[in-house]
Protein chains: 2
Amino acid sequence: MKDIKIAILGMGTVGGGIYQLIEQEQKNIEHKDGIRLTVKKTLALSYAVDVPEEKKAKDIDEIVNDPEISIVAEVMGGQHPAKEFILKALEAGKTVVSANKDMISQNWPDLEAAAKRSGAGFYFEAAVGGGIPILRALNDSMQANSIREVYGIVNGTTNYILTKMDDEGRDFSDVLKEAQALGYAEANPESDVEGYDARYKLSILASMAFHARVPVDKIYCEGITKLTKADIAIGRELGYVVKLLAIGKKDADGSIEVRVHPTMIPKEHALANIKGSFNAIFIDGSAVGEMMWYGKGAGDFPTASALVSDMVYAVHNAGHPRYATFDNRYEADQVKFNNDWITEYFIRTDVQDKPGVLAKIAGIFGKHDVSIESVIQKGAKPGEESAPLILVTHKAHEQDLRDAVKEIQELEAVVGTVNCIRVEK
Amino acid sequence: MKDIKIAILGMGTVGGGIYQLIEQEQKNIEHKDGIRLTVKKTLALSYAVDVPEEKKAKDIDEIVNDPEISIVAEVMGGQHPAKEFILKALEAGKTVVSANKDMISQNWPDLEAAAKRSGAGFYFEAAVGGGIPILRALNDSMQANSIREVYGIVNGTTNYILTKMDDEGRDFSDVLKEAQALGYAEANPESDVEGYDARYKLSILASMAFHARVPVDKIYCEGITKLTKADIAIGRELGYVVKLLAIGKKDADGSIEVRVHPTMIPKEHALANIKGSFNAIFIDGSAVGEMMWYGKGAGDFPTASALVSDMVYAVHNAGHPRYATFDNRYEADQVKFNNDWITEYFIRTDVQDKPGVLAKIAGIFGKHDVSIESVIQKGAKPGEESAPLILVTHKAHEQDLRDAVKEIQELEAVVGTVNCIRVEK
């Protein structure tokens, strides 16, 4: 039996989940893995669960200077002081497990270097997909594959909002308010609804999948705040469901395209049926082909499950930590990022209901090499002068599409904002 | 760089897949994992791919006596001589990776003991779910979970047949013949269509999920050969899709129920939409909740992907092999198996079209504590004396249902076979 003492930094929902889960599963983990995990210290400003006073550390030094503690779980979130605390723990030779996608995705090289210097382990399965063991799978099960694509629904809050908008025909701001009231969205929802959280996760996921460093700022990011119930309803009519997808592709020439944006996918696609706060991640591997993982992407116990799993895994691999893709990876400056990807587009706007408008718009698209697959033009309602115009394009270059849209937006006959949603099949 | 020489036993589809995959991915695996895999020897009666003559071993001894070879991949299939060859390799201290669910599920204790004696590794990710890394996930990512359920579609051939029967309204024997002609089903399809292959896989899957030995002969097994297009069509009308499921449940009292049989599942269930030769496996874990893996369950490269992954994993864990659930497990005689599970039932038969028949049948069910949820009785077609009768029950005990069905089958008014399909929601 290996006796392992741990410390938890941050005792909110997830920290409380770790604390409870270790208590509940301690005997089972002893039985199955020969490891006795015990929480020796916690460090937090506030506590979601009851913790005996003697376990509450007064500062980070009390933890990093305790030779008995070999694993530190960081679930404070945010950049500071999480980064400083993790660096101190790693430098003291303590294995760190963390769920902090924000901080890890933006400081990975520094954290990696610190772990390597001391030989400590550093694992963060919980940072992507909550309880879904996607990072372990990429590291330990896909070694014989070149991953061509990794994409999916990695943010539960936006998926919950989009599911509600779709199921109940409601508008974004309306559903967001309800989600905030129910605790499914945060008081400041920016990180979720603007796609930032998904972008952090894609940075980690794509880095591991492609064995190349994919910095956050290389990822195109567009949130769901501009989506209307009309977009979703018309999408449905055309056979599509709108989801916020994180998409990573490695092209044949080795270049990488990475993007987070609302995406129309065929309603038969497995991702179209992922409802509420669930996450689902697809990969396309050269040997395994298409594969999907589905599960709870957040929440106290699913996330704590991944963190405790990292602890057990770290103990089994102590002395020869498995650093994910740390070694031999391509640094960001060796990677070619492709910002001019090719996809199809759904375009919706309002135009003056008079002759020649469609011809003018179609002409602009044509000039920019964007070819139209289908058009839905409805006459103006009585008493209104403008009418909705919906277009779906064939495959086109992103840059061409943007140039065309910019030009169309400036037409006098175009009275509404030109909304674009990318379509993936 | 670790230089690892391997041998492949069996050079059919999967053996050929391993051989090619190692050639294709050798540089990538060197780059990512610091391991150079080389196939030094092969042993086979026939070869699906070209292999230089000098690599062809004349017998197993040439392989087990070669000190350079540290990993043996067994993909011959069948019981003999696969078992003897694996035992020889393990006893010689060579790590074995295998896809042989049939043999492993029936000889696990012997193989495990041999591996432990020599300290060799023994991995078989490819035995369940092909390229889906479900066994690694159960071992290395679910340590903080007590698994309550594991179930899914684990046989691609029967799923292909059922998908065709459903999509095209065709009968079993008709679709089977086509599947055989196309190479999707074997000339002797027994192992697939009778559910034996799914049973081997469930034995491994349930053993790992529940950390208890689940022998093959403890698993109830019923194949798809008796399903008719009528069963599938009427199921659809009622909102169900028929799939061959492998189901393992751990009840609150610790007893385990394990069964393979055609199952009606609601058409909205994720498994209902798994088409053709794909596999999908659900777990319900105490911390992570519901989770699903989806991917190709068979085929040369998906299966070879799992085998090569096992090789890389074995090298990283050499000297301290991770034996899955070998240690501390509950032996079969310590496990209580529950054969009298509770579920709902779809029942279809033909009855004489005359008064009082339904009352008599309903009375027998009532006597055996089986309560009827819904009945579909259609009048006899002109010129026919019998008419189909379809019943769906509420939750009932398996044994009660069987007793009732036996009694009903003997009624004079019942002219057809009484077909039962279990319903899971």
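Sequence gap at least 6, Cα distance under 8 Å: using those rules, report the relative contact order of segment B:342-423 to the nearest whole percent.
Values: 153 pairs, mean separation 40.1, N = 82.
The normalised contact order for segment B:342-423 reaches 49 percent.
Given a Förster radius of 35 Å and the C-beta distance between residue B:376 and residue B:268 as r, what FRET efficiency does 1/(1 + (r/R0)^6) yield to the nearest 0.05? Numbers along the way, then the final one.
Working: r = 21 Å, r/R0 = 0.60.
Efficiency, from the Cβ-Cβ distance: 0.95.
Express the relative contact order of chain B as a whole percentage, based on alpha carbon pairs under 8 Å and six or more residues apart in sequence. Write out the running numbers ahead of the final one.
Details: 872 pairs, mean separation 67.4, N = 425.
Once normalised by length, the contact order is 16 percent.
Determine the residues within segment B:281-300 where the difference in accessible area between the chain on its own and the full set of protein chains amounts to at least 20 Å²; count protein heavy atoms only and use a 1.4 Å probe.
Buried by 20 Å² or more upon assembly, which counts only protein chains, are B:287, B:288, B:290, B:291, B:292, B:293, B:294, B:296.
Which FRET efficiency value, to the nearest 0.05, is calculated for residue B:337 and residue A:49 with the Förster distance at 35 angstrom and r the Cβ-Cβ distance? Please report the intermediate quantities before stating the final value.
Values: r = 37 Å, r/R0 = 1.07.
FRET efficiency, residue B:337 to residue A:49: 0.40.
How big is Rg to Rh over segment B:342-423, alpha-carbon atoms, Rh as the Kirkwood inverse-mean-distance radius?
Values: Rg = 12.0 Å, Rh = 12.6 Å.
Ratio of gyration radius to Kirkwood radius for segment B:342-423: 0.95.
For the protein assembly as shown, what does the alpha-carbon gyration tensor say about shape, rounded, prolate or oblate, given a ≥ b ≥ c as the root eigenvalues, a/c under 1.5 as rounded, and a/b over b/c as prolate? If you can, show how the numbers build up before the last one.
Values: a/c = 1.44, a/b = 1.04, b/c = 1.38.
Verdict is rounded for the protein assembly as shown.
Calculate what fraction, in whole %, of the accessible area of segment B:149-295 sits on carbon and sulfur atoms when a 1.4 Å probe is rolled over the protein chains. Before the final figure, lay out the partial values.
Values: 2310 of 4860 Å².
Carbon-and-sulfur percentage of accessible area, whole number: 48.
How big is chain A on each of its three principal axes, counting only the C-alpha atoms and giving the largest first in Å?
Per principal axis, max minus min of the Cα coordinates gives 80, 47, 34 Å.
Any aspartates and glutamates with Cα under 13 Å of the residue A:101 Cα? List them, leaving off those in the same chain fewer than 8 positions away.
Partners within reach: A:74, A:125, A:192, A:197.
Under a 1.4 angstrom probe, counting protein chains only, how are B:345, A:200 ranked by accessible area, largest first? Mind dumping the intermediate values first?
Numbers: B:345 0, A:200 40 Å².
Most to least solvent-accessible, the answer reads A:200, B:345.
Accessible area per residue for segment A:342-423 in Å², computed with a 1.4 Å probe and the full protein assembly in place, what is it? The partial results should precede the final answer.
Working: 4190 Å² over 82 residues.
Counting only protein heavy atoms, the per-residue value for segment A:342-423 is 51 Å².
For residue A:336, which aspartates and glutamates qualify as cross-link partners when the Cα separation must be under 14 Å and same-chain residues fewer than eight apart are set aside?
A:217, A:251, A:253, A:257
Report the antiparallel proportion of the DSSP beta bridges in the protein assembly as shown as a percent, rounded to a multiple of 5. Don't jump to the answer; show the numbers that get you there.
Numbers: 103 of 157 bridges.
Here the antiparallel bridges make up roughly 65 percent for the protein assembly as shown.
Ordering A:330, B:151, B:47 from largest to smallest accessible area (1.4 angstrom probe), what's the sequence? Each step should come with its number before you reach the end.
Values: A:330 90, B:151 35, B:47 65 Å².
In descending accessible area the options line up as A:330, B:47, B:151.
Out of the GluC sites (Glu not before Pro) in segment A:277-355, which ones are loop residues according to DSSP with at most 14 other C-beta atoms within 10 Å?
Details: sites: A:290, A:331, A:344; in loops: A:331.
Those satisfying the criteria are A:331.
Summarise the accessible area of segment B:342-423 (1.4 Å probe, protein heavy atoms) by the percent that is carbon and sulfur.
49
Mind checking which lysines have their C-alpha under 17 Å from residue B:55, skipping anything on the same chain fewer than 8 residues away?
B:5, B:40, B:41
Inter-copy label distances at residue A:383, 7 Å along the Cα→beta-carbon direction, one decimal in nm, shortest first?
Relative to the other copies, residue A:383 has label-point distances of 6.4 nm.
I'd like the distance between the alpha-carbon centres of segment B:88-156 and segment A:51-85, rounded to an integer number of Å.
38
Could you tell me which of the pairs B:32/B:94; A:88/A:116; A:296/B:32; A:367/A:406 are separated by over 18 angstrom between their Cα atoms in the structure shown? Let's see the in-between values first.
Working: B:32/B:94 24 Å; A:88/A:116 13 Å; A:296/B:32 29 Å; A:367/A:406 13 Å.
In this structure, B:32/B:94; A:296/B:32 exceed 18 Å between Cα atoms.
Sum -39500 (n - 2.57) across every DSSP H segment of at least 4 residues in chain B, then divide by the residue count to get the 222 nm mean residue ellipticity, nearest 500. Present the calculation step by step, with values, prior to reporting the outcome.
Details: 13 runs with 153 residues, N = 425.
Calculated mean residue ellipticity at 222 nm is -11000 deg cm²/dmol.
Just how much of residue A:394 is accessible, in Å², when a 1.4 Å probe is used and the result is rounded to the nearest 10?
Near enough 80 Å² of accessible area.
Hey, what did segment A:288-425 get for relative contact order, percent, Cα under 8 Å, at least 6 apart? Walk me through the intermediate numbers first.
Values: 164 pairs, mean separation 40.6, N = 138.
With pairs under 8 Å counted, the relative contact order is 29 percent.
Using a 1.4 Å probe, how large is the accessible area of residue B:278, given in Å² and rounded to the nearest 10?
40
Roll a 1.4 Å probe over the protein heavy atoms and report the accessible area of residue B:36 in Å², nearest 10.
Result for residue B:36: roughly 80 Å² accessible.
Nearest 100 Å² is fine: how much accessible area is buried between A and B, summed over both sides, with a 1.4 Å probe? The partial results should precede the final answer.
Working: alone 18330 and 18350 Å², together 32750 Å².
Separately minus together, A and B give about 3900 Å² buried.
The values are calculated or read from the model by the stated rules, or taken from the named source; none is laboratory data. Note that the structure is predicted; figures quoted are calculated from it, not measured. Cβ: placed from backbone, ideal geometry, glycine included. Neighbour counts: every protein chain shown. For accessibility, only protein heavy atoms count, side chains too; no ligands or nucleic acids. Shrake-Rupley method; radii C 1.70, N 1.55, O 1.52, S 1.80 Å.
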